[in-house]
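To start, the structure itself, in structure tokens.
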Amino acid sequence: MGITTVIDGKKLSETIHQELKEDIKNLQKKYNDTPHLVVVLVGDDPASLSYVKYKKRACDYVNIDSTMIRLPKHTKEEELIKTIDKLNKDETINGILVQLPLPEHIDRNIIIDRLQLNKDVDGLQPIHIARLHTLRYAILPCTPKGIITILKRNNIKIEGEHAVVIGRSNLVGKPIAQLLLKENATVTITHRYTKDLATITKHADIVVSAVGKANLITKDMVKEGAVCIDVGLDRVNNKLTGDFDFDNLLDHVSYITKAPGGVGPMTITSLLENTIECFINQKESREL
Ligand code: GUN
């Protein structure tokens, strides 16, 4: 039985936002301009609406200009494409984020592919993904980037460690596996068809779970002293709960992120960082 550090992502994000606020001041002096992010939300999914509000609030705090474009749920794919084309051309806009999920009648791949590469603050364009896989410069997807920041800011060893990722989505599972690999971890990706998940997670030094099923990962599935990164959120009796059985893992693992209040706020921090990165790339006319 050891002592567990509970990682408070909100606190860490607030610390980094202070730093970013200073960076923005310096950028303002240097370029006489401020980064500008546009967030596009189609429909009225309550979870998406609340995420988008958090994003706007964070932009306001660090003095990144932000505009929210809300389109009705029945918006046609062609209309959304036209909106994106306009934002791509607008030189006063440095970053574009299309909140996912999109309504079912819209093909998310067509929309993502339409974003101008140097304004894709989510790093979801296949070119960014391919560059990440081949260790070239890429804008990194926000949640995986936030997880790496959590690990690094807590001086958690990644190199040589066995990291097990649960979930294989394009937003989280696959890119976090690549980032951990880039940091020289040995990485195993598991998913809904994985046989006997526990035998795999038990060998992990770092477990990243992005499933969204409350208490999926119990104490018997995790090695003593492991690092637990909880990306999943599920609602149980109207209370948001992560993938890890948090209460029973306390004093068993070395680190565990809060959920909610762990990875989520760091996703927003990465979005601010990516917006600044896109702004600088554009100001310096870097070809992507
Ligand atoms: N929906 C949930 N997470 C994300 C994210 O990181 N980016 C976008 N665009 N949509 C999301």
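Within the stretch 84-155, report the trypsin sites (Lys or Arg not before Pro) that DSSP leaves as loop and that have at most 14 other Cβ atoms within 10 Å. Don't skip to the end; give the middle numbers.
Numbers: sites: K86, K89, R108, R114, K119, R131, R136, K145, K152, R153; in loops: R136.
Loop-located and lightly packed - R136.
Cα gyration tensor of the stretch 89-200, axes a ≥ b ≥ c as square roots of the eigenvalues: rounded (a/c below 1.5), prolate (a/b > b/c) or oblate? Here the stretch 89-200 falls in the oblate category. In this rough spin-label picture, where each label sits 7 Å from Cα along the Cβ direction, the D44-Y31 distance is 3.6 nm.
Could you compute the longest span of the chain free of GluC sites (Glu not before Pro) located in DSSP loops and having at most 10 other Cβ atoms within 10 Å, not counting the site residues?
Values: sites that count: E91, E104, E159, E284, E287.
Between exposed loop sites, the widest span is 160-283.
Residue pairs exceeding 32 angstrom between C-alpha atoms, taken from K82/K213; K21/K202; K10/K119; K21/K76; K30/K86: K82/K213; K21/K202; K21/K76.
Helix 173-182 axis versus longest C-alpha principal axis of the chain: approximately 80°, rounded to the nearest ten. For the stretch 204-235, trypsin sites (Lys or Arg not before Pro) are listed when DSSP marks them as loop and at most 11 other Cβ atoms sit within 10 Å of their Cβ; the list is empty. Stokes-Einstein diffusion for the stretch 160-280, with the hydrodynamic radius set to the Kirkwood value over Cα pairs and evaluated at 20 °C in a medium of 1.002 mPa s, equals 145 µm²/s. In order along the stretch 244-252, the Karplus-derived 3J(HN,Hα) couplings, from 6.51 cos²θ - 1.76 cosθ + 1.60 at θ = phi - 60°, round to 8, 6, 3, 4, 7, 8, 4, 6, 10 Hz, and Gly and Pro are given as x. Considering only alpha-carbon pairs that sit under 8 angstrom and 6 or more positions apart, the relative contact order computed for the chain is 22 percent.
Calculate the dipole size of the chain relative to its Cα centre from +1 charges on Lys and Arg beta carbons and -1 charges on Asp and Glu beta carbons; express the result in debye to the nearest 20.
Numbers: 39 positive and 38 negative charges, 28 e Å.
It comes to approximately 140 debye.
Rounded, prolate or oblate, given the Cα gyration tensor of the stretch 23-143, with a/c below 1.5 counting as rounded?
Working: a/c = 1.67, a/b = 1.22, b/c = 1.37.
Judged from the Cα gyration tensor, the stretch 23-143 comes out oblate (a/c at least 1.5, b/c at or above a/b).
Other residues lying with their Cβ under 12 Å from the Cβ of G2 contribute a combined charge of -1, Lys and Arg counting +1, Asp and Glu -1. Net charge near K202: determine it from the other residues with C-beta under 13 Å of the C-beta of K202, scoring Lys and Arg +1 and Asp and Glu -1. Net local charge, K202 excluded: -2.
Helix content alone sets the calculated 222 nm mean residue ellipticity of the chain: runs of n ≥ 4 DSSP H residues at -39500 (n - 2.57) each, divided across all residues, give -13000 deg cm²/dmol. Running Debye on the chain with equal point scatterers at the Cα sites and no solvent, what base-10 log of I(q)/I(0) appears at q = 0.09 Å⁻¹? Computed log10 I(q)/I(0) values: -0.44. The C-alpha atoms of the chain define a longest principal axis, and helix 77-89 lies at about 70 degrees to it.
Here the stretch 171-222 is treated as a Stokes sphere of Kirkwood radius computed over C-alpha pairs; at 37 °C and 0.692 mPa s its diffusion coefficient rounds to 276 µm²/s.
Note down the net charge around T241, summing +1 for each Lys or Arg and -1 for each Asp or Glu among other residues with Cβ under 9 Å from its Cβ. Cβ neighbours under 9 Å give a net charge of 0. Taking the centroid of alpha carbons for each part, the stretch 1-27 and the stretch 187-224 are 27 Å apart.
Read-outs: derived from the displayed coordinates by stated rules, not from any lab. These numbers were taken from a predicted model, which means no experiment stands behind them. Quick reminder, even Gly has a Cβ in these numbers, built from the backbone with ideal geometry, and neighbours come from all protein chains shown.
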